[in-house]
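Encoded as structure tokens, the structure appears first; notes follow it.
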Amino acid sequence: MKKQQRTNILAILGIVAVAVLLVVIVVTGIRNATDRTDGGSAGIPGPKALGLGYVVRPFSAQDLNGNTVDNSFFTDHRLTMINVWGTYCGPCIREMPDLAQLPAEFAAADFAILGIVVDTPDATNEGTARRLTASAGATYTNLIPDASIQSNLLADVAVVPTTFFVDHTGKVVEKVLTGSKTKAEWRMIIEGIMADLPAGS
């Protein structure tokens, strides 16, 4: 009889151990999922994948004029349009003159454009990028991506042009858009996003 009791106790302990292990696995899975959506141990809010709520990770990159640009760029504008393009991309080049005219349509405190040239750093491509932006009259800032931009932001960019919008904190506030658009189309999109931004932002 005692042997049967010991067997029953061992069986119960085994079931309890399995249940505890399952709880640990589930809790760990939930924590990992939370880390993937809130920026993890880096303490940066928002999802890691580029999209609504994504927060641009800290970067320090050179623009085509040799100036250093970092995340503080966003703090001076309610809305920043980030346009990812390449020197090999026909649609990117064709829309650039229209993009060049957009900043003048809005107050500087409200709106700015930040270009990211995906096929730099490369001396030949940098020279091409400078010629293309000069030809288009695109005086807005265009970045040569640093390691942070390459490994974080550009990791989720599959095609160019890819365009998205961030608020003064660097958080994406609208869905990511692919393909080129006209000045009128961009203006309508920008005005719509600005209208939805919280007051005082």
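Trypsin sites (Lys or Arg not before Pro), restricted to segment 144-201: which are DSSP loop and have at most 16 other Cβ atoms within 10 Å? Working shown, then result.
Working: sites: Lys171, Lys175, Lys181, Lys183, Arg187; in loops: Lys175, Lys181.
Passing both the DSSP loop test and the Cβ count: Lys175.
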Report task. Identify, among Ile93, Thr80, Val176, the residue whose Cα sits farthest towards the positive end of the charge dipole of segment 55-201, taking +1 on the Cβ of Lys and Arg and -1 on the Cβ of Asp and Glu, with the dipole about the Cα centre. Result -> Ile93
Query - Accessible area of segment 116-195 belonging to carbon and sulfur atoms, whole % at 1.4 Å probe - result: 52 percent
Query raised in the report: If eta is 1.002 mPa s and T is 20 °C, what Stokes-Einstein diffusion coefficient results for segment 82-201, Kirkwood Rh from Cα pairs, in µm²/s?
Result: 145 µm²/s
**Report entry** Surface accessible to a 1.4 Å probe, per residue, for the residues of segment 62-108, Å²
**Finding:** 43 Å²
Report summary line: Once amide hydrogens are built 1.01 Å from N within the peptide plane, the residues lying 5 or more places from Leu52 or on another chain with amide H under 5 Å from its amide H are Val176
Query raised in the report: Using 7 Å Cα-to-Cβ label points, what is the Asp76/Lys183 separation (nm, one decimal)?
Result: 2.3 nm
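The values are calculated or read from the model by the stated rules, or taken from the named source; none is laboratory data. These numbers come from a predicted model, not from an experiment. Backbone-built Cβ (ideal geometry, glycine too); neighbour counts: all protein chains shown. Ligands, DNA and RNA are stripped out before the accessible areas are found, and what is left, the full protein with its side chains, is counted by its heavy atoms. Shrake-Rupley method; radii C 1.70, N 1.55, O 1.52, S 1.80 Å.
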